[in-house]
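Contents: one structure, followed by commentary.
The values are calculated or read from the model by the stated rules, or taken from the named source; none is laboratory data. If you're wondering where the values come from, they're calculated on a predicted model, not measured in any experiment. All Cβ positions, even for glycine, are placed from backbone atoms using ideal geometry, and neighbour counts span all protein chains on display.
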Amino acid sequence: MGFGGAGASPDPGSRKLSSTAAGNPVMRSSPLKHVLIFADLVAIAACFRISYWLRYEVQGVFPGEAGPPFSYYWPAICLGLGVWILLFRAFDLDRPYGWEALIGSSRLFTATFMLVSLVLAGSYISRTYYSRLLLFFLSVLLVICLLTTRIGYHALLTWLRKYGLGLRRIVIVGQSDLARELAERIQQHPELCYELVGFLLPVAGRTQQRVPSNAVSGSEEIARELLEKKVDELIFTIPARRESEVLEFIAHCQKLGIAIRLVPEYYELHTSHISSFSIDGIPLFELKETSLRPPYQFLKSLTDYLVASLILLLFFPVLVLIGVTLHLGLGKMISREVRVGRGGVPFGMYRFNVSGAENASAGEALSWIVRFCRFLHRYSLSELPQLFNVLKGEMSIVGPRPETPERVRHYSAWHQRRLQLKPGITGLAQVRGLRGVDSSDLKTKYDLEYAANLSPLLDFTLVLSTIGALLKRGKARPATNVASAGEPLRGKLP
């Protein structure tokens with residue numbers, strides 16, 4: 001990356017700032033989340049009061065029944081408020097928007113369930129009786145009110161973006177896939193209060209020119225131009241090499257009050273922990289490999305068996321109905337496909353025989369079975385037989401989707417890291433809309449992100465999110481091309 005000095009002729013097309021839609025925040029902690037958590041705490045206290053009013057004070061619902069005074073529930077309210085502060089941080093409950101709407105909503109439902117459960121546990125430990133009907137009212141009201149606070153929070157952010165209030169303007173340095181991915185994430189997170197101004201494109205291979213001592217250097221000129229555009233931060237998606245002009249540019253930006261942020265060069269490894277320390281002022285980062293501890297492996301396996309057994313019991317009539325219909329229409333109910341499981345071991349994955357409809361689609365009389373198979377495929381009902389793979393220990397409820405041996409044969413060492421986990425019926429990549437035809441690189445990135453954050457609560461959240469993803473599957477995903485948004489502005493930026 002180079003910067004031309006004073007008097008240097010600009011490289012046509014090499015120095016430009018690509019404009020994008022305003023009001024697009026990036027990954028950081030927003031001070032406005034304190035507004036949301038305060039609104040949540042007020043809503044929780046209000047839900048307790050309304051639940052008490054519905055239970056004991058509404059005339060004609062429970063006539064003649066007198067309850068304890070409202071002060072009797074103050075310990076439960078204090079416990080609930082304290083627990084919610086912890087859950088708010090643990091579940092990132094200020095981020096329920098954009099492509100994370102399904103995951104955010106599932107986190108909210110999970111956190112609400114945990115809140116009521118802990119209130120019940122606290123009442124049991126303290127031997128305090130709380131009305132079960134009141135707690136039922138509380139559960140319903142909490143979901144409604146907490147969703148309402150998020151709708152109001154989103155409306156507040158929209159209003160602030162409209163008038164440019166409370167936003168920090170940023171520029172992304174780089175033109176790689178990482179830069180475009182970061183820009184997409186910025187667009188998808190309006191709750192983080194960043195405004196994306198555009199991209200600062202580096203110039204490769206530019207020869208260094210001598211600059212007179214009394215002249216304004218190219219890097220200082222660029223930094224001042226950024227200040228004129230009211231840029232608050234620069235995010236480097238390329239390594240900030242120890243080139244004198246790059247270091248000079250960073251120094252000028254910092255001198256003018258423009259913050260500098262760096263994306264770690266090896267962030268795509270998606271390790272579960274990155275710890276840092278220093279040796280005499282030299283910072284070192286340790287990338288710790290994701291590992292499944294035996295207690296978690298046992299808990300995940302036990303949960304898989306219980307959940308698979310429960311689903312099979314509940315949906316057994318549906319499975320029989322689908323199987324009989326396929327047998328009548330195609331003569332075959334179940335297909336067995338070879339997939340690669342944990343550790344690269346192949347196994348036979350079960351699936352309803354919906355692919356058989358492709359050969360039968362030419363027949364006019366069999367068009368009904370084609371539509372039926374398309375329905376099963378569209379809502380992933382064809383994957384239900386994989387519950388038997390879960391009971392056999394070959395698959396998990398949540399995990400990376402198993403791939404064919406042909407695809408795995410071309411895996412790099414990075415791709416093979418997804419094989420450290422047992423394959424799943426659903427996973428993070430599927431919740432985010434990826435299917436079997438999508439690239440292995442993108443699926444691997446999401447699978448490693450899942451592996452880096454393994455927890456039973458994450459699995460539960462993804463199961464809930466999968467239900468919402470299936471309901472929304474009928475809508476086509478819009479193509480996003482952030483890099484091409486807006487017309488490039490020709491200027492003096494490199």
Notebook entry, point to check: Among the candidates Leu133, Leu142, Leu160, which residue alone is assigned to a helix (DSSP H, G or I), surrounded by 12 or more Cβ atoms within 10 Å (Cβ to Cβ) and at pLDDT below 85?
Noted result: Leu160
Margin query: Which count do you get for residues in the stretch 324-353 that are hydrophobic (A, V, I, L, M, F, W, C), under 22 Å from Leu421 (Cβ atoms) and surrounded by 12 or more Cβ atoms within 10 Å (Cβ to Cβ)?
Written below: 4
Check: Only one residue in Val173, Val119 is among the hydrophobic types (A, V, I, L, M, F, W, C), farther than 30 Å from Pro456 by Cβ and at pLDDT 85 or above. Which one?
Finding: Val173
Item checked: Matching residues in the stretch 78-104 - criterion: being among the small types (Gly, Ala, Ser), at pLDDT 75 or above and out of contact with any helix residue (DSSP H, G or I) (no Cβ under 7 Å at 6 or more places or on another chain) -> Gly82, Ala90
Next item on the list: Scan the stretch 368-391 and report the pairs whose first residue is at positive phi and whose second residue is modelled with pLDDT under 85, with Cβ atoms within less than 7 Å and a gap of 6+ or a chain change.
Entry: Ser380/Leu470
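Residue-by-condition table, conditions (1) modelled with pLDDT of 85 or more; (2) in contact with a strand residue (DSSP E or B) (Cβ under 9 Å, 6 or more places away or on another chain); (3) surrounded by 11 or more Cβ atoms within 10 Å (Cβ to Cβ); (4) not assigned by TED's automatic domain parsing to the domain that holds Phe199:
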{"residue": "Arg28", "(1), (2), (3), (4)": "no, yes, yes, yes"}
{"residue": "Ile37", "(1), (2), (3), (4)": "yes, no, yes, yes"}
{"residue": "Leu41", "(1), (2), (3), (4)": "yes, no, yes, yes"}
{"residue": "Ala45", "(1), (2), (3), (4)": "yes, no, yes, yes"}
{"residue": "Ile50", "(1), (2), (3), (4)": "yes, no, yes, yes"}
{"residue": "Leu54", "(1), (2), (3), (4)": "yes, no, yes, yes"}
{"residue": "Glu57", "(1), (2), (3), (4)": "no, no, yes, yes"}
{"residue": "Phe62", "(1), (2), (3), (4)": "no, no, yes, yes"}
{"residue": "Ala66", "(1), (2), (3), (4)": "no, no, no, yes"}
Next item on the list: Could you please find all residues in the stretch 432-463 being in a helix (DSSP H, G or I), β-branched (Val, Ile, Thr) and more than 12 Å from Pro400 (Cα to Cα)?
Entry: Thr461, Val463
Next item on the list: Could you tell me which of the residues Glu265, Glu225, Glu221, Glu286 is in a loop (DSSP other than H, G, I, E, B) and either under 24 Å from Arg418 (Cβ atoms) or at pLDDT 85 or above (or both)?
Entry: Glu265
Next item on the list: Scan (1) modelled with pLDDT of 85 or more; (2) surrounded by fewer than 22 Cβ atoms within 10 Å (Cβ to Cβ) for the single condition Leu200 breaks and write down its number.
Entry: (2)
Check: Looking only at residues in the stretch 442-460 that are farther than 13 Å from Arg432 by Cα and within 12 Å of the chain's Cα centre (by Cα), which one is modelled with the highest pLDDT?
Finding: Leu458
